[in-house]
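The structure appears below as structure tokens.
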């Protein structure tokens, strides 16, 4: 009993201090970077009459370097707003093995082409912490996403481009679990499926509390989704090797 009591007191003090630190936290800024590769990236424009081309199988897709920037503002202990900017551009090259009808143009077989895939994402998220105990947190919410997409093909003196800017509603989830005094686990999700298409953005990372206000992370992010309709067919599956840093204020 003499041994257990000090341990319980120390644990209670640690959790109390962590809770006070979180309550005093007004928000954070975050940067993430790393390498991204594609499992598949299939496109047909228009979706019903265009020739389907795979930027990973029909062409040779290069790995890309990505960046993400976000800021979180806490509105009291349990409410928070997140703003995210996630630009992304990938490229692929190759020679067409068959005629390709893309937008309003036909690229003849044998044409060397370059393809550029852009998918910039702007998001605003509201989330509510349904569980908050010290450094442990489980939050749910919703995300308003604006996608700025562009797929262009250039080759043989021909250039065609498809652009699309649209709104995508997503469900949001966040989970934090401390593994020790400095190590932790972070899971974050934006996802939704509907008849018009689907989108999933899932992060799993190990975190390291480097200082009182700075946390580092290393992990894996998966982004998958697309749409299938008369105007466009596009489905992409991306894999990210992630390093990031969060600074609280």
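The values are calculated or read from the model by the stated rules, or taken from the named source; none is laboratory data. All figures in this text were calculated on a predicted structure; none of them were measured in a lab. Neighbour counts are summed over all protein chains in view; Cβ atoms, including those assigned to glycine, are modelled from backbone coordinates with ideal geometry.
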* Scan (1) over 30 Å from residue 111 (Cβ atoms); (2) in contact with a strand residue (DSSP E or B) (Cβ under 6 Å, 6 or more places away or on another chain); (3) surrounded by fewer than 17 Cβ atoms within 10 Å (Cβ to Cβ); (4) touching a residue at least 24 places away in the same chain (Cβ under 8 Å) for the single condition residue 169 breaks and write down its number. => (2)
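Do we have any residue at all in the stretch 181-191 that's exposed (fewer than 13 other Cβ atoms within 10 Å of the Cβ), in a strand (DSSP E or B) and either at pLDDT 95 or above or in contact with a strand residue (DSSP E or B) (Cβ under 8 Å, 6 or more places away or on another chain) (or both)? Before the answer, list the steps.
As a first pass, look at the stretch 181-191 and keep what is exposed (fewer than 13 other Cβ atoms within 10 Å of the Cβ): 181-183.
If we keep only those that are in a strand (DSSP E or B) as well, we get 183.
Imposing the further condition that a residue be either at pLDDT 95 or above or in contact with a strand residue (DSSP E or B) (Cβ under 8 Å, 6 or more places away or on another chain) (or both) reduces the set to 183.
So far as the stretch 181-191 goes, yes, one or more of its residues are exposed (fewer than 13 other Cβ atoms within 10 Å of the Cβ), in a strand (DSSP E or B) and either at pLDDT 95 or above or in contact with a strand residue (DSSP E or B) (Cβ under 8 Å, 6 or more places away or on another chain) (or both).
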* Quick check: anything in the stretch 235-246 under 14 Å from the mean Cα position of the chain (by Cα) and farther than 18 Å from residue 32 by Cβ? -> yes
* Taking residue 73, is it in contact with a strand residue (DSSP E or B) (Cβ under 7 Å, 6 or more places away or on another chain) and surrounded by 18 or more Cβ atoms within 10 Å (Cβ to Cβ)? -> no
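Is it true that residue 155 is under 23 Å from residue 185 (Cβ atoms) and surrounded by 14 or more Cβ atoms within 10 Å (Cβ to Cβ)? Break it down stepwise before answering.
Numbers: under 23 Å from residue 185 (Cβ atoms): no; surrounded by 14 or more Cβ atoms within 10 Å (Cβ to Cβ): yes.
Against the criterion (under 23 Å from residue 185 (Cβ atoms) and surrounded by 14 or more Cβ atoms within 10 Å (Cβ to Cβ)), residue 155 does not qualify.
Just wondering, is there one or more residues in the stretch 31-42 that are at pLDDT below 95 and surrounded by 13 or more Cβ atoms within 10 Å (Cβ to Cβ)?
If we filter the stretch 31-42 for residues that are at pLDDT below 95, which is where we start, we get none.
No: zero hits.
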* Among the residues of the stretch 156-166, write down those that are in contact (Cβ under 8 Å) with a residue 40 or more places away in the chain and part of a strand (DSSP E or B). => 158, 160, 161, 162, 164
* Structure fact -> Among the residues of the stretch 84-113, the number that are over 14 Å from residue 126 (Cβ atoms) and in contact (Cβ under 8 Å) with a residue 40 or more places away in the chain is 17
* Would you check if there is a residue in the stretch 72-83 being under 24 Å from residue 186 (Cα atoms) and without any contact (Cβ under 8 Å) to a residue 40 or more places away in the chain? => yes
* Take the residues of the stretch 196-212 that are on the phi < 0 side of the Ramachandran plot and at pLDDT below 95: which is surrounded by the most Cβ atoms within 10 Å (Cβ to Cβ)? -> 196
